[in-house]
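Down below is the structure, laid out as structure tokens.
Computed from the coordinates by the stated procedures, all read-outs in this text should not be read as laboratory data. Quick caveat, the model's predicted, so the values are computed rather than measured. Glycine gets a Cβ as well: all are built from the backbone with ideal geometry, and neighbour counts include every protein chain shown.
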Amino acid sequence: MQQELKSEDEIIQELMILFEVEGDRIGIGDDAAVLEYHQLLSVDAMVEGVHFLKEKASWDDVAYKLFAGSASDMAAMGGYVTGYLLSLGMPYDWHNDDLRIFIQGIKEFIHEFPADLLGGDIVRSKEFFGSVTVLGKTFTQPWLRTAAKPGDFIYVTGTLGDSQLYLQHELRKNILPMKDLTYFKQRHYRPIPRIDWAQEINKKYRVHAAMDISDGLIEDLSKLCRLSGVNFYVDANLLPLSTAFIGEENISEHKVFYQHNALIGGEDYELIIITDEIMDEDTLLDQGVKITRIGRILTEEETSIVLWNNKRHTSNEFQGYRHS
């Protein structure tokens, strides 16, 4: 009997050991590779049936989300985008209109987050797949996942769990009231990579470590802490929720559910920021984004704890989304 295929995180751990990068370069393990002179390089992919359902999504939204998820890796390193490469597997049942709509999504994203589309490759495929390679740079030392220290504060940008709420609505699972469904659809299909916001944070604060949230807050924070050799404490009562769009009355009635959703929900592409400084939570408020302190970094000897539903839980009770 064959063993079950390893998880994405297990595969990455194995590749890190097998293909260790020498010198000043930083390879597998962070949101992007670091080359010479603060140059960044990252690649991200979307596959039909894994990242989206064809019957639920429009092709312009798929294109936008593909590029947004890729650009978010640059924000997670404290950097900005300088160019894109696209590899596209076009389904055999695509027509010219499908291609036109997909390209429109790319145009809309690059209009909002300007950088050159430098090239790539196009093939035909049984099902859609897309892969975007992102080139980027940082003005300062890039943020890594390996430098969180005991006593550091854990902050997040924006609100958490929004993408997951809309996904549950699409799949007709755990449907709870939402006042503005359009807002959550936008958050799911057209997430905003926090590139400009990362630059502002970089100017004002000393960031020890960072990561974007693609697989869920606790899942991704656990990865960061494992690489830094530390653990964490998170208080679910502090998690930022989209209260105005969910509704105050819904939050109060189903608070435990919405908090759990924020702990495990993936693809928000908000940033986890680890710093030893007290950040002004209104630093980015003029740009419509709040920063929220949600916990602390603990020593490796301590156990990672999540305070949720008036109980202390271990982090392995909160499995996020797995893309493999």
Would you compute, for the Cα atoms of region 240-280, the largest minus smallest coordinate along each principal axis and list the three values in descending order, in whole Å?
35, 23, 17
Among all the aspartates and glutamates, which ones have a C-alpha under 13 Å from K54's C-alpha, if same-chain residues fewer than 8 places away are not counted?
D93, D98, E127, E170
What number, in percent, do you get for the relative contact order of the chain if the mean sequence gap of Cα pairs under 8 Å and at least 6 apart is divided by its residue count?
22
Given H placed on each backbone N at 1.01 Å, which residues far from T275 in sequence or on other chains put an amide H within less than 5 Å of it?
F153, Y155, H208
Given the DSSP H assignment, sum -39500 (n - 2.57) over each helix run of at least 4 residues in the chain and divide by its residue total; what's the result at 222 nm in deg cm²/dmol, nearest 500?
-10000 deg cm²/dmol
Here Rg/Rh (Cα, Kirkwood) for region 152-317 equals 0.95
Highest-first arrangement of 215-226, 128-139, where packing means the average Cβ count within 10 Å:
215-226, 128-139
If you find the alpha carbon centre of region 136-215 and of region 245-324, how far apart are they in angstrom?
10
Lys and Arg at +1, Asp and Glu at -1: add these up for the other residues within a Cβ distance under 14 Å of D98 and post the number.
-4
Among the aspartates and glutamates, select those whose C-alpha is under 15 Å from the C-alpha of K255, and discard any that sit fewer than 8 residues away in the same chain.
D162, D235
Links exceeding 21 Å between C-alpha atoms in this model, out of K137/K204; K65/K149; K173/K290, come to K65/K149; K173/K290
Can you pull the Rg over Rh of the chain, Cα-only, Kirkwood?
0.95
Interchain or sequence-distant (5+) residues whose placed amide H lies within less than 5 Å of the amide H of G265 are L217
Calculate one ³J(HN,Hα) per residue across region 93-102 by plugging θ = phi - 60° into the Karplus curve 6.51 cos²θ - 1.76 cosθ + 1.60, and present them in order as whole Hz with x for glycine and proline.
8, 6, 10, 4, 5, 4, 5, 4, 5, 4
Long-range amide H partners of S125 with built H, under 5 Å:
M90, Y92
